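**Student:** Before we start, here is the structure in question, set down as structure tokens.
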Amino acid sequence: MPNNRPVRVRFAPSPTGDLHVGNIRTALFDWAYARHTGGTFIFRIEDTDRERVTDEYIAAALDTLRWLGLTWDEGPEVGGLYGPYLQSQRLDIYAEWAQKFLDQGDAYYCYCSAEELEARREAQRAANVAPGYDGKCRSLSEAELADFLSQGRKPVVRMRMPDGETTFTDLIRGEVTFDHNFVPDFVLVRADGSPLYTLAVAVDDVMMKVTHVLRGEDLLSSTPRQIRVYQAMGVALEDYPDFAHLPFVMGQDNAKLSKRNGEVSIAWYRDAGYLPEAICNYLALLGWSPGDDREDVSREEIAQLFTVERVHSSPARFDMKKLEAINGDKIRALDLDDFLNRTLPFLTRSGVIAGTDSEIELVKLALPIIQERIANLAEVPAMLKFLFVSEFSVDPEELPRISDEQSQAVLKSAHQALIGLNEWTHEAIEAALRSALIEGLSLKPRIAFGGVRIAVTGSHISPPLFESMELLGRDKSLARLELAVQS
Ligand code: GLU
């Protein structure tokens, strides 16, 4: 089914929680395909299950896409010719189609109760027959119908699946065939009148003129049912969308992604200090490659280079370490103002600074010395806290490392070496400490400077020592050394 229509791709999540790695990988590929082809990127919210899809989750989904820079051309907030783009606002449309299918004889009312279905499934299992609806209500007699109605049973609407098979060409997997013995008649509308996913998704893809459905492999098996809906809608073959089912994203342990191995919400990554461009870069490599060994791609390059042919068919493995490394690289690539702007919310939220001009100025001086050392922005507050605390104290866990006799002697020498220093620059500080501690006391640098670092910054994890002391200033640095010697 080659598609010659103007490209229209949709991302259609059912936000029953925050969007996670798998969803966003799909969104990114949808977006990239649309951008690469100069097509339209549609964002549709599949919220027919309003008990599980809440307004908060929908708002969070919009927010996440926006934050990642995956802007949509049609969808919530921006509208478009084929809206509304929230399925909960399209219920009449689905009801109309379901009625049409009933009138055409493609669908029928099914009165089987959940208990009856379960009992028959049990019998199928026992007889080793493929499980699924057995077609009981396909042709009810007048008497049976009257009986159900007198019992006050509310029917579901079920789609009739003809004998035979469905074959389609998946752009990633090639030709895929489903034998209808394994695709039983399926429910389109529940007894309460609410539409099921298969009905809503197929109707919308047709009505929104979607040309390409790129989505997770978990939905591969629902494709023959959707194609059945297209047939009932009378869609011409050349107007079917092309399908591309993206490979699974597995956790590091080869199990399906879960919270434990990385399937946390994208909001979590944002709060943990990951940059949107790092997430896009990393997720792009999960199942796709730009064509060479390159691992550093910008959002624009992803759009420029993305083709479905380069999507792999084998599962991709989520690797937190690699994401972290890419995030570190993206942080190092930021210019100072950008780095500052992105970091400030982390510093204010954690209470390290209130956000005054002088604080921001100091942060700006300090950022270059930590830019090389961090893998995510959430590390910044702990690293820079020593510059802003009003009542300084050494982390109690670190105290034993500066209270023994040798450490105390080192700290005293350091204090003495620095007190007479004319010039308070990191070069001068370094020269003075090296001469007093390394040459004077014949200490190894780690021993010599480790204690000074703890005394001055409160922790053994901090930016480079001499630059830190320069930024902290003479008075505070000396006062902290004195405090450490007395303690
Ligand atoms: N709404 C479906 C989901 O979130 C996906 C729909 C589709 O891409 O076909 O699982």
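**Student:** Quick check on I447: is it farther than 30 Å from E361 by Cβ, surrounded by fewer than 18 Cβ atoms within 10 Å (Cβ to Cβ) and touching a Pro at 6+ places or on another chain (Cβ under 8 Å)?
**Tutor:** Details: farther than 30 Å from E361 by Cβ: yes; surrounded by fewer than 18 Cβ atoms within 10 Å (Cβ to Cβ): yes; touching a Pro at 6+ places or on another chain (Cβ under 8 Å): no.
Criteria not met by I447.
**Student:** Among the residues of the range 435-460, write down those that are under 15 Å from S407 (Cβ atoms), more than 40 Å from the chain's Cα centre (by Cα) and touching a residue at least 12 places away in the same chain (Cβ under 8 Å).
**Tutor:** Within the range 435-460, A436, L437, L441, L443, I447, A448, F449, G451, V452, A455 qualify.
For (1) within 19 Å of A267 (Cα to Cα); (2) touching a residue at least 60 places away in the same chain (Cβ under 8 Å), each residue gets a yes or a no:
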{"position": "V7", "(1), (2)": "no, yes"}
{"position": "R10", "(1), (2)": "no, yes"}
{"position": "I24", "(1), (2)": "yes, yes"}
{"position": "R35", "(1), (2)": "no, yes"}
{"position": "T40", "(1), (2)": "no, no"}
{"position": "A59", "(1), (2)": "yes, no"}
{"position": "T64", "(1), (2)": "yes, yes"}
{"position": "Y82", "(1), (2)": "no, yes"}
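**Student:** Considering only the range 15-60, how many residues are modelled with pLDDT under 95, closer than 22 Å to C280 by Cβ and surrounded by fewer than 19 Cβ atoms within 10 Å (Cβ to Cβ)?
**Tutor:** 2
**Student:** Of the numbered conditions (1) touching a His at 6+ places or on another chain (Cβ under 9 Å); (2) closer than 30 Å to T348 by Cβ, L257 fails exactly one; give the number of that condition.
**Tutor:** Against the list (1) touching a His at 6+ places or on another chain (Cβ under 9 Å); (2) closer than 30 Å to T348 by Cβ, L257 comes up short only on (2).
**Student:** Please go through the range 236-271 and give me each residue that is closer than 14 Å to D205 by Cβ and surrounded by 17 or more Cβ atoms within 10 Å (Cβ to Cβ), ordered by number.
**Tutor:** Listed by number, the residues that qualify are Y240, P241, D242, F243, A244.
**Student:** For the range 78-85, indicate whether the set of residues that are surrounded by fewer than 22 Cβ atoms within 10 Å (Cβ to Cβ), at pLDDT 95 or above, in contact with a Phe, Trp or Tyr (Cβ under 6 Å, 6 or more places away or on another chain) and not polar (S, T, N, Q) is non-empty.
**Tutor:** no
**Student:** A further question follows. Output the residues belonging to the range 66-77 that are farther than 16 Å from G22 by Cβ, touching a residue at least 24 places away in the same chain (Cβ under 8 Å) and not aromatic (F, W, Y).
**Tutor:** Going through the range 66-77, the residues farther than 16 Å from G22 by Cβ turn out to be 66-67, 69, 71-77.
Remaining after also requiring touching a residue at least 24 places away in the same chain (Cβ under 8 Å): 67, 69, 71-76.
Of everything in the range 66-77, those that are farther than 16 Å from G22 by Cβ, touching a residue at least 24 places away in the same chain (Cβ under 8 Å) and not aromatic (F, W, Y) turn out to be G69, T71, D73, E74, G75, P76.
**Student:** Consider the range 152-175. How many of its residues are of a type in the set (S, T, Y) and free of Cβ contacts under 8 Å to residues at least 24 places away in the same chain? It would help to see each step written out before you state the result.
**Tutor:** Taking the range 152-175 and keeping what is of a type in the set (S, T, Y), we get 166-167, 169.
In the following step, the residues that additionally are free of Cβ contacts under 8 Å to residues at least 24 places away in the same chain were identified as 167.
The qualifying residues number 1.
**Student:** Show me the helices (runs of 4 or more DSSP H) found entirely inside the range 1-116 where at least 1 residues are aromatic (F, W, Y) and farther than 26 Å from D242 by Cβ. Spell out the reasoning first.
**Tutor:** Working: elements: 21-37, 55-68, 91-104.
The qualifying helices (runs of 4 or more DSSP H) are 55-68.
**Student:** Scan the range 24-47 for residues that are away from the ligand (no atom under 14 Å from the Cβ) and of a type in the set (D, E, K, R) and report the count.
**Tutor:** Matching residues across the range 24-47 total 1.
**Student:** Also: Answer with yes or no whether T54 is hydroxyl-bearing (S, T, Y), within 15 Å of the ligand (Cβ to nearest atom) and under 24 Å from the mean Cα position of the chain (by Cα).
**Tutor:** Values: hydroxyl-bearing (S, T, Y): yes; within 15 Å of the ligand (Cβ to nearest atom): yes; under 24 Å from the mean Cα position of the chain (by Cα): yes.
Yes, satisfied.
**Student:** In the range 1-23, which residues are over 19 Å from A200 (Cβ atoms) and more than 12 Å from the ligand (Cβ to nearest atom)?
**Tutor:** M1, P2, N3, N4, R5, P6, V7, D18, V21
**Student:** Of the conditions (1) in a loop (DSSP other than H, G, I, E, B); (2) of a type in the set (V, I, T); (3) crowded, with 16+ Cβ neighbours inside 10 Å, V389 satisfies every one except a single condition; which number is it?
**Tutor:** Evaluating V389 over (1) in a loop (DSSP other than H, G, I, E, B); (2) of a type in the set (V, I, T); (3) crowded, with 16+ Cβ neighbours inside 10 Å leaves (3) as the failure.
**Student:** From D179, D218, grab the single residue that is touching a residue at least 24 places away in the same chain (Cβ under 8 Å), in contact with a strand residue (DSSP E or B) (Cβ under 9 Å, 6 or more places away or on another chain) and of a type in the set (D, E, K, R). Spell out the reasoning first.
**Tutor:** Details: D179 fails: touching a residue at least 24 places away in the same chain (Cβ under 8 Å).
Going through D179, D218 in turn, just one is touching a residue at least 24 places away in the same chain (Cβ under 8 Å), in contact with a strand residue (DSSP E or B) (Cβ under 9 Å, 6 or more places away or on another chain) and of a type in the set (D, E, K, R): D218.
The values are calculated or read from the model by the stated rules, or taken from the named source; none is laboratory data. Computed from a prediction, not measured in an experiment: that's the story for all the values here. As a convention, Cβ positions derive from the backbone with ideal geometry for all residues, glycine included, and neighbour counts pool all protein chains shown.
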